[in-house]
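Some notes on the structure that comes next.
Rule-based calculations on the coordinates, nothing more; no lab input. What you see is a predicted model; the values in this text were computed from it and never measured. All Cβ positions, even for glycine, are placed from backbone atoms using ideal geometry, and neighbour counts span all protein chains on display.
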Amino acid sequence: MSENTPPAGDASSTGAASAAGSASPPEVGIPRDLAFSERGFLFDPTTGLTYTLNRTGAFLFQRLRHGTAAAEATAALAAEFDVELPRAADDVRDFVQQLRDFGLA
């Protein structure tokens, strides 16, 4: 995930997973006022910041913002991107943490 000012690393990438087999991903609440496009652009009207999500980040964000449980989003991520469940769980957990770090969850 990156924001327009200043750019941040691609936090939503599923390329870097933490230790396999860690705890299940946390539940997350996404504010309803965030604007999201199918192409992965995310706008926070409260701060005026725009973020760019990669394909996996956009996939997860769409599910989480509609109330999909983190465990269900993890299973969907594993199936869609053909990754093992422990890695998908790590990726969802990392993504959720980055949303929280940016104040988006």
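Neighbours of A88 by Cβ distance under 15 Å: Lys/Arg scored +1, Asp/Glu scored -1, total -3. Here the Karplus relation 6.51 cos²θ - 1.76 cosθ + 1.60, evaluated at θ = phi - 60°, turns the backbone of the stretch 82-90 into coupling constants of 6, 10, 5, 4, x, 5, 4, 4, 4 Hz, with x for every Gly and Pro. Here the residues D91, D44, D101, ranked from fewest to most Cβ neighbours within 10 Å of their Cβ, fall in the order D101, D44, D91. Of L34, L64, the sequence from fewest to most neighbouring Cβ atoms within 10 angstrom is L34, L64.
What list do you get for V28, V83 if you sort them by fewest beta carbons within 10 Å? Please report the intermediate quantities before stating the final value.
Values: V28 23, V83 18.
The fewest-first ordering by Cβ neighbours comes to V83, V28.
The calculated FRET efficiency for the pair A35 and L85, based on their C-beta separation and a Förster distance of 25 Å, comes to about 0.20.
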